1. Residues being β-branched (Val, Ile, Thr), more than 26 Å from B:Ile286 (Cα to Cα) and loosely packed, with under 15 Cβ neighbours inside 10 Å: count how many of those fall in segment B:78-121.
2. Given (1) under 30 Å from B:Leu129 (Cα atoms); (2) facing chain A (nearest Cβ under 9 Å); (3) aromatic (Phe, Trp, Tyr), where does B:Trp196 come up short, assuming only one miss?
3. Hey, any hits in segment A:230-245 for a residue that's under 14 Å from the mean Cα position of the chain (by Cα), modelled with pLDDT under 90 and at the interface with chain B (Cβ under 10 Å from one of its Cβ atoms)?
4. Among (1) outside any loop (DSSP other than H, G, I, E, B); (2) away from every other protein chain (no Cβ under 12 Å); (3) of a type outside the set (A, V, I, L, M), where does A:Gly218 come up short?
5. For segment A:221-268, enumerate the residues that are aromatic (Phe, Trp, Tyr) and either touching a Phe, Trp or Tyr at 6+ places or on another chain (Cβ under 8 Å) or not in a helix (DSSP H, G or I) (or both).
6. Inside segment B:101-217, counting only helices (runs of 4 or more DSSP H) that do not spill past its ends, which hold 3 or more residues that are under 25 Å from the mean Cα position of the chain (by Cα)?
7. Is one or more of the residues making up segment B:159-171 within 30 Å of A:Leu243 (Cβ to Cβ) and modelled with pLDDT under 90?
8. So in segment A:78-118, with the set limited to residues that are among the β-branched types (Val, Ile, Thr) and more than 30 Å from the chain's Cα centre (by Cα), which one is surrounded by the fewest Cβ atoms within 10 Å (Cβ to Cβ)?
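The values are calculated or read from the model by the stated rules, or taken from the named source; none is laboratory data. All values derive from a computational prediction rather than experimental measurement. FYI the Cβ positions are ideal-geometry reconstructions off the backbone, even for glycines, and counts take in every protein chain you see.
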Amino acid sequence: MPEIVAFNTIDAGIEPEAEKVQARATQAGPRGKKPRRALSGRNIMIYGTLIVMALYYLLPLYVMVMTSLKGMPEIRLGNIFAPPLEITFEPWVKAWSSACTGLNCDGLSRGFWNSVRITVPSTIVSIAIASINGYALANWRFKGADLFFTILIVGAFIPYQVMIYPIVIVLRELGVYGSLTGLIIVHTIFGMPILTLLFRNYFAGLPEELFKAARVDGAGFWTIYFRIMLPMSMPIFVVAMILQVTGIWNDFLFGVVFTRPEYYPMTVQLNNIVNSVQGVKEYNVNMAATILTGAVPLFVYFVSGRLFVRGIAAGAVKG
Amino acid sequence: MAGHTRGSGRPNQWLRNLNAKFASVPMILTAVVIFLGGTIWTVVYSFTNSKLLPRLSFVGLDQYERLWAAPRWLMSVQNLVIYGFFSLVFSLVIGFVLAALMDQKIRFENTFRTIMLYPFALSFIVTGLVWQWLLNPEFGIQSVVRSLGWTSFAFDPLYNSNIVIYGILIAALWQGTGLVMCLMLAGLRGIDEDIWKATRVDGIPMWKTYLLVIIPMMRGVFITTLVIIASGIVKVYDLVVAQTSGGPGIASEVPAKYVYDYMFQAQNLGQGFAASTMMLVTVAIIIVPWAYLEFGGGRKRA
């Protein structure tokens with residue numbers, strides 16, 4: 001037995017948990033963990049791998065920022081990893097206010113405001129509809145509800161390409177194809193499966209007694225929703241908001257298919273600026289524009305932290 | 001449950017619970033009209049020779065024959081298979097190894113997690129454009145390595161039609177592995193500490209414990225992750241558009257892009273519908289067995 005334990009300790013590099021607990025219980029001597037050598041081979045391996053991977057993840061962000069702060073002559077001469085010799089904010093200004101897409105030369109600002117005008121109402125409408133719907137499914141089940149819900153969830157896995165054209169026809173019939181309203185409807189539709197699931201599960205997890213007590217007191221469908229469910233569910237609303245804001249902001253396909261060029265969201269405009277075939281390629285402007293487009297979801301990510309992880313774990317199904 | 005406990009007399013089926021039904025109208029419309037109706041519509045019209053506008057003149061399997069004879073479609077499918085296979089394998093391996101490392105009670109866990117996950121917050125367009133720049137042979141990684149003295153160094157995946165799909169793969173892995181790591185880490189944290197104690201007492205080396213005990217125990221997490229990655233793979237579109245626009249030539253075309261181009265640019269709707277139906281079939285092949293395993297067999301999970 002002793003050899004096995006020793007072998008184990010060397011191999012795994014940590015002292016056996018059971019032994020530790022026992023030791024703590026029986027003897028009144030030194031307490032706490034046995035001090036571990038900070039530079040054991042195991043630690044070097046773990047931290048080394050993690051740091052190398054972290055560099056791989058950080059590298060593109062670093063290069064983006066560095067490139068966007070250089071002038072074009074320096075980019076042509078130098079290496080992309082080198083920090084700028086002369087910092088210039090010219091590319092940022094140009095990307096924001098005068099980069100060209102086709103005939104328009106008013107920069108990404110147009111796309112930014114379009115994206116704001118798309119994201120804000122789409123987020124609000126989709127969350128409002130899905131939360132009420134999830135509430136109905138969790139607390140006011142009616143015959144057939146589960147069938148529709150199953151279709152909705154299965155539908156989340158259908159590639160968008162299959163449903164795009166029928167939606168174009170429906171929107172055209174409604175007279176909103178190409179407009180912001182049309183795009184908001186589309187985002188509401190495709191956000192519905194995951195959001196409804198999220199809210200349904202959350203409301204179903206709340207104590208049923210609350211709901212019953214409110215019923216006994218004579219509260220109806222909407223009263224219970226607005227006075228009890230809504231105030232109790234702020235965390236899940238924040239998760240849904242994070243999910244929708246990043247998802248809608250990052251969308252490209254729907255923006256291209258369902259809007260006219262004057263309403264193109266930022267991602268579409270960014271792609272048009274960077275991948276345009278005419279003119280000299282200005283890599284610094286391109287990178288500044290790319291950072292600007294990524295800035296909003298990055299901001300949401302860094303501010304929301306752990307909630308973001310919860311949101312994407314739920315929303316990953318959306319793809 | 002509430003709906004069943006009340007109204008034992010059932011005076012009027014349709015008027016009961018009216019508010020809930022009203023609140024579910026958007027869901028019912030989406031499920032029935034868009035998801036179900038739209039899908040059936042597309043499948044039906046894939047058997048027609050619709051060009052600029054959808055027309056109901058059936059031509060049997062013509063569109064599919066044309067589709068599977070088109071070099072561009074074959075290239076798209078081949079790319080999807082290569083991209084899909086490697087992105088599955090690498091996402092799972094890298095994601096799991098990173099999660100296992102993160103699970104060693106390390107310091108700065110939150111910092112590492114934040115760094116690994118931030119690319120997932122970025123759109124595929126941003127990801128594609130950054131990697132387009134990094135892989136630019138004139139200025140990017142290739143030129144930097146060459147300037148260090150290794151002048152014959154060649155790494156230009158985006159300009160070499162044989163390996164362009166791997167250039168896209170690198171960007172996709174950068175964007176997506178953080179998510180896989182997070183899902184796996186959640187799975188690892190769900191494993192009972194007693195399992196670890198038991199294997200330590202038995203003197204089983206750590207790597208063996210992971211391989212033979214932990215991974216089989218995390219079957220559910222693996223399958224869910226697999227489905228998430230796989231359904232993302234089939235949809236890959238923006239990344240290719242941003243990074244290569246399908247080039248050089250048709251070397252990095254993917255099915256989703258084929259569908260879009262035929263529907264909205266080549267104005268050959270029939271081809272687009274046939275191609276999107278093939279995408280649907282692919283997803284069904286992935287999803288149906290999973291759904292059966294997960295939800296079928298009498299085991300219900302909410």
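1. In the first step, residues of segment B:78-121 are kept if they are β-branched (Val, Ile, Thr); the result is B:81-82, B:89, B:93-94, B:97, B:106, B:111, B:114-115.
Filter once more, keeping what is more than 26 Å from B:Ile286 (Cα to Cα): B:106, B:111, B:114-115.
Pick out the ones that are also loosely packed, with under 15 Cβ neighbours inside 10 Å and you get B:106, B:111.
Total meeting the criteria: 2.
2. Only one criterion in (1) under 30 Å from B:Leu129 (Cα atoms); (2) facing chain A (nearest Cβ under 9 Å); (3) aromatic (Phe, Trp, Tyr) is unmet by B:Trp196, namely (1).
3. Yes, the conditions are met somewhere in segment A:230-245.
4. (1)
5. Keep residues of segment A:221-268 that are aromatic (Phe, Trp, Tyr), which gives A:221-222, A:225-226, A:237, A:249, A:252, A:254, A:258, A:263-264.
Those that are aromatic (Phe, Trp, Tyr) and either touching a Phe, Trp or Tyr at 6+ places or on another chain (Cβ under 8 Å) or not in a helix (DSSP H, G or I) (or both): A:Phe221, A:Tyr225, A:Phe252, A:Phe254, A:Phe258, A:Tyr264.
6. Ranges flagged: B:109-121, B:124-134, B:164-189.
7. No, segment B:159-171 contains no residue that is within 30 Å of A:Leu243 (Cβ to Cβ) and modelled with pLDDT under 90.
8. Restricting to residues being among the β-branched types (Val, Ile, Thr) and more than 30 Å from the chain's Cα centre (by Cα), the top hit is A:Ile87.
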